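Structure record follows, encoded as structure tokens.
The values are calculated or read from the model by the stated rules, or taken from the named source; none is laboratory data. Quick caveat: nothing in here was measured; it's all calculated off a predicted structure. Here Cβ is always computed from backbone atoms with ideal geometry, including for glycine, and neighbour counts include all displayed protein chains.
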Amino acid sequence: MLFVLVSVSAMLTAYLVGGIPFGVIFARLKGVDIRKVGSGNVGAANVVRALGRRWGIAVFLLDMLKGLGPCLGSRTVLLQAGELCECQAAVVNAVWLGVGLAAILGHNYSPFLRFRGGKGVSTSFGVTLGIYPQFTYPALFGLAVWALALLVSRMSALGSLLGGVFFPVTYYLYARYRGVSMLEEWPFLSFAILVSLMLVVRHRANIRRLVSGTEARFGQPPTSAGGEGEPEVSPATPGSQRR
């Protein structure tokens, strides 16, 4: 019973922390409704377009910490509760992954934004960094893929998609390098595939624009707001959205 209570509390906390919309909060401080500016997304890339690089970096780091913090913070607690209740390691690991998934879902479907949210890139990166050692190095490789794609194409969405798609492949290769059997770590492989699929689904509008050649590059206004084909919303300057 103790382990169940600890598990539910950890996942609920992760969901609520993941749901904190830092992009919306920072934009509001500048008098901007980020959901009505640029692409309409609440993540760091749109904050860069609307408010500038400094604010975008701050949102990226805080969104990343929404995933990293719960995973790091819950690990020791889950291990101690698991030992007291004599739970198997596989069960503890499954709950640990559940905490990470809850943080990502909180960002994507924030309870503070009527269950709307971002695309989960930064928070997913934080989650995978925090699940050490299984995901940390594959996550860093994914970050390198994103940075390279962004440098070459100037399209953040393309970098996010490539990093997400390569993540489960990189994890599998890293597990083989570590000499770990997938029979032991299949929950981690399943989680890696799930995170990759979630990123692809959340970027489906970007994929359509990439195929049609209309995806915006950094320095260019997005072709639509919200990522779902709505009419274009012109970028705003701080203060233009004050009420």
* Close pairs from the stretch 1-22: first surrounded by fewer than 19 Cβ atoms within 10 Å (Cβ to Cβ), partner not in a helix (DSSP H, G or I), Cβ under 6 Å, at least 6 apart -> Leu2/Cys85
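Every residue, every condition in (1) in the same structural domain as Leu72 (by TED's automatic domain parsing); (2) within 16 Å of Gly67 (Cβ to Cβ); (3) not polar (S, T, N, Q), yes or no:
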| residue | (1), (2), (3) |
| --- | --- |
| Gly120 | no, yes, yes |
| Thr128 | no, yes, no |
| Leu148 | no, no, yes |
| Val169 | no, no, yes |
| Tyr172 | no, no, yes |
| Glu184 | no, no, yes |
| Arg208 | no, no, yes |
| Val211 | no, no, yes |
* Looking at the stretch 84-96, is at least one residue outside the structural domain of Ile207 (by TED's automatic domain parsing), closer than 28 Å to Glu184 by Cα, acidic (Asp, Glu) and not in a loop (DSSP other than H, G, I, E, B)? -> no
* All positions within the stretch 175-210 that are within 17 Å of Pro138 (Cα to Cα), assigned to a helix (DSSP H, G or I) and more than 21 Å from the chain's Cα centre (by Cα) -> Ala175, Arg176, Tyr177, Arg178, Met182, Glu185, Trp186
